[in-house]
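Below: one structure, written as structure tokens.
The values are calculated or read from the model by the stated rules, or taken from the named source; none is laboratory data. The model shown is predicted, which means the values in this text are computed figures rather than measured ones. In this analysis, Cβ positions are derived from the backbone assuming ideal geometry, glycine residues included, and neighbour counts consider all displayed protein chains. Please note that ligands, DNA and RNA were not included when accessible areas were found on the heavy atoms of the full protein model with its side chains. Shrake-Rupley method; radii C 1.70, N 1.55, O 1.52, S 1.80 Å.
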Amino acid sequence: MTITFANRQNECVETQDGRRVWLSRACAVVAQVCLYRQSNQTWYVLLGKRGSGVPDFQGHWCFPCGYLDWDETLAKAMLREVWEECGVYLPHLATHDNFVHSDNPAFFEHSVEDEQPWHIADIPRSTKQNISFHYALFFSWDGDALPELSNQNCEPDEVDDLGWFSLQDASELTLAFNHNERLAHLLRAKSDNFSQPPLKK
């Protein structure tokens, strides 16, 4: 019996220093950072506006996202992308006076690696051939001012603007990639999280 698979063979590239590098599908991380603001009982999501220095979707908002680097776990890549693109290091955010509570290990330095993606998007027919690992990160916040954001750590012209958007406002934007679908999926799949905010125990 012959079994046929839909794969294409990996390609091998010889580098100038004699190394052989195999071209394979890239792993990407997507951070869906969700803040519950106690003062107005409203959920917000963290979004960045793609700048002129990125290859596609310039001027569109999206979740913080990027590629896994060498010697890096998925959880650490997710933390790094949020830091680079938004200026927010989640374990430091958890030490802020206005931080109330989260059940996500990513907010706590000693247990970051316990954070697991809630969704894996495996779509080989896409032009990028990415495998995307999505993290849903929920926390509650007690201040009038939302956490400060900065694009000072990212590549030049990678991120033009940053913001905390209410779920309603975020849903009305035309987001980059397929992030509108991903947001809708998050709202459906994690409806219990949104209906029961992470309040201090």
message: Against the definition (over 25 Å from Glu113 (Cα atoms) and of a type outside the set (A, V, I, L, M)), how does Cys12 come out, yes or no?
response: yes
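So, of the residues in the stretch 1-29 that are outside any loop (DSSP other than H, G, I, E, B) and among the aliphatic types (A, V, I, L, M), which turns out to be nearest to the chain's Cα centre (by Cα)? Can you show your working first?
Of the stretch 1-29, the ones outside any loop (DSSP other than H, G, I, E, B) are 11-14, 20-23, 27-29.
Now drop any that are not among the aliphatic types (A, V, I, L, M), which leaves 13, 21, 23, 28-29.
Details: Val13: 30, Val21: 27, Leu23: 24, Ala28: 9, Val29: 6 Å.
Only one residue fits best here, namely Val29.
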task: Please list, ordered by first then second residue, the pairs with beta carbon atoms under 6 Å, 6 or more apart or interchain, first in the stretch 104-133 and farther than 14 Å from Leu74 by Cβ, second part of a loop (DSSP other than H, G, I, E, B) and not aromatic (Phe, Trp, Tyr).
output: Phe107/Ala94; Gln129/Arg25
- request: Working only within the stretch 13-25, note down all residues that are open to solvent by less than 80 Å² (accessible area, probe 1.4 Å), touching a strand residue (DSSP E or B) at 6+ places or on another chain (Cβ under 7 Å) and modelled with pLDDT of 90 or more.
  value: Val13, Thr15
message: Which pairs turn up if I take residues in the stretch 79-97 that are closer than 16 Å to Phe108 by Cβ and at pLDDT 95 or above and look for partners that are in a helix (DSSP H, G or I) and open to solvent by 60 Å² or more (accessible area, probe 1.4 Å) with beta carbon separation below 6 Å, at least 6 apart in sequence or on another chain?
response: Tyr89/Trp83; Pro91/Glu109
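Kindly indicate whether Asp71 is of a type outside the set (A, V, I, L, M), open to solvent by 40 Å² or more (accessible area, probe 1.4 Å), over 18 Å from Pro147 (Cβ atoms) and in contact with a helix residue (DSSP H, G or I) (Cβ under 8 Å, 6 or more places away or on another chain). Walk me through it before giving the result.
Working: of a type outside the set (A, V, I, L, M): yes; open to solvent by 40 Å² or more (accessible area, probe 1.4 Å): yes; over 18 Å from Pro147 (Cβ atoms): yes; in contact with a helix residue (DSSP H, G or I) (Cβ under 8 Å, 6 or more places away or on another chain): no.
Answer is no for this residue.
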- prompt: Taking interchain pairs and intrachain pairs at least six residues apart, which have beta carbon atoms under 6 angstrom, with the first residue in the stretch 150-175 and under 17 Å from Val82 (Cα atoms) and the second at pLDDT 95 or above and among the charged types (D, E, K, R)?
  reply: Asn153/Glu84; Cys154/Glu84; Cys154/Glu85; Val159/Glu85; Asp160/Lys49; Asp161/Lys49
message: Asp160 - would you say it is surrounded by fewer than 16 Cβ atoms within 10 Å (Cβ to Cβ) and either out of contact with any helix residue (DSSP H, G or I) (no Cβ under 9 Å at 6 or more places or on another chain) or modelled with pLDDT under 95 (or both)?
response: no
